[in-house]
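Visitor: Below is one structure. I have some questions about it.
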Amino acid sequence: MRRGLIAGLLVGTVLFADAGRTQERVWDVVPAESVISLRVGTPLGSRTGRFERWTGDVRFDPQLPLQTRVGIEVEAGSLRMNDAALTRTAVGANFLDGARHPTIVFRLRALDPGEGSRFTARADITMKGVTRPVVFPVTLRSVGQTTQMAGGLSLDRAAFGIGTGGPWDRLIGRQVRVDVVLTTRPAA
């Protein structure tokens, strides 16, 4: 009798747990339709750049967007600015230091609901071994088998120890605008 009761409780627990699970699926990032770009002020005007190599781990249930999980790993040395000299400076030892800190990591912690397809993202960003929380607006849209998350934020580069020494600190704007568009489709 006792074994039957224990077995019944275990089966009930498993069934109850399965009923509460989401239909979370892994989604593949579509590189040709996704971008991580940045813009920073200089004495010669605004300069733009884009990361060329990065990977994303996206887990998403279109019916439960607040449970979305996103992890992005960016190769710091893959940044290409719209000026070759600025690219060398940006990935060099005084700024991103891609040789010693090759990876920038983004981890979405939560999506807070807004109106319609708008949300507030709460995430952690790690650069040069420093992790800082960030909060920024995003939109999340699903059409057919494609979901796109788009958002942007301003980062204080000095908070990550980027470009804080030498003359560059006064020449390059401290606020760096980062814009992200992730287009995804369900993994096969």
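The values are calculated or read from the model by the stated rules, or taken from the named source; none is laboratory data. This structure is a prediction, so every number in the text was calculated from the model and none was measured. All Cβ positions, even for glycine, are placed from backbone atoms using ideal geometry, and neighbour counts span all protein chains on display. Heavy atoms of the whole protein, side chains included, go into the accessibility calculation; ligands, DNA and RNA do not. Shrake-Rupley method; radii C 1.70, N 1.55, O 1.52, S 1.80 Å.
Visitor: With θ set to phi - 60° and the Karplus curve 6.51 cos²θ - 1.76 cosθ + 1.60, what are the ³J(HN,Hα) couplings of the range 29-41 in order, to the nearest whole Hz, using x for Gly and Pro?
Guide: My calculation for the range 29-41 gives 6, 9, x, 5, 10, 10, 7, 10, 10, 9, 9, 9, x Hz in order.
Visitor: Here's something else I'd like to know. Run the quick spin-label model on Lys128 and Val26: label points 7 Å from Cα toward the beta carbon, then report their separation in nm to one decimal.
Guide: Modelled inter-label distance: 3.4 nm.
Visitor: Sticking with this structure for a sec: In degrees from 0 to 90, rounded to the nearest 10, what is the angle of the helix 2-20 Cα long axis to the longest principal axis of the chain?
Guide: 40 degrees
Visitor: For the range 25-98, count all C-alpha to C-alpha pairs, find those more than 16 Å apart, and express that count as a whole percent of the total.
Guide: Numbers: 1576 of 2701 pairs.
That tail contains 58 percent of the Cα-Cα pairs.
Visitor: Oh, and also: Need one number for the range 52-188: average projected area of the convex hull over its C-alpha atoms, nm². Don't jump to the answer; show the numbers that get you there.
Guide: Numbers: hull surface 36.1 nm².
Mean orientational projected area (the range 52-188, Cα hull): 9.0 nm².
Visitor: Given the peptides 139-145, 118-124, arrange them by the average over their residues of other C-beta atoms within 10 Å, most packed first.
Guide: Details: 139-145: 12.3, 118-124: 16.9.
My ranking of the peptides, most packed first, is 118-124, 139-145.
Visitor: When ranked by the protection proxy of mean other Cβ atoms within 10 Å per residue, highest first, what sequence do the peptides 63-71, 42-50, 86-94 form? The partial results should precede the final answer.
Guide: Numbers: 63-71: 15.0, 42-50: 12.9, 86-94: 17.1.
Averaged packing, sorted descending, gives the order 86-94, 63-71, 42-50.
Visitor: In whole angstrom, how far apart do the alpha carbon centroids of the range 149-188 and the range 57-71 sit?
Guide: That distance is 23 Å.
Visitor: With every protein chain kept in place and ligands, DNA and RNA left out, what is the accessible area per residue of the chain? Probe 1.4 Å, answer in Å². If you can, show how the numbers build up before the last one.
Guide: On the way: 11030 Å² over 188 residues.
In whole numbers, the chain has 59 Å² accessible per residue.
Visitor: How much of the accessible area of the range 129-188, probe 1.4 Å, is carbon plus sulfur, in whole percent? Write down the numbers at each step before the final one.
Guide: Working: 1730 of 3070 Å².
Reported share for carbon and sulfur atoms: 57 percent.
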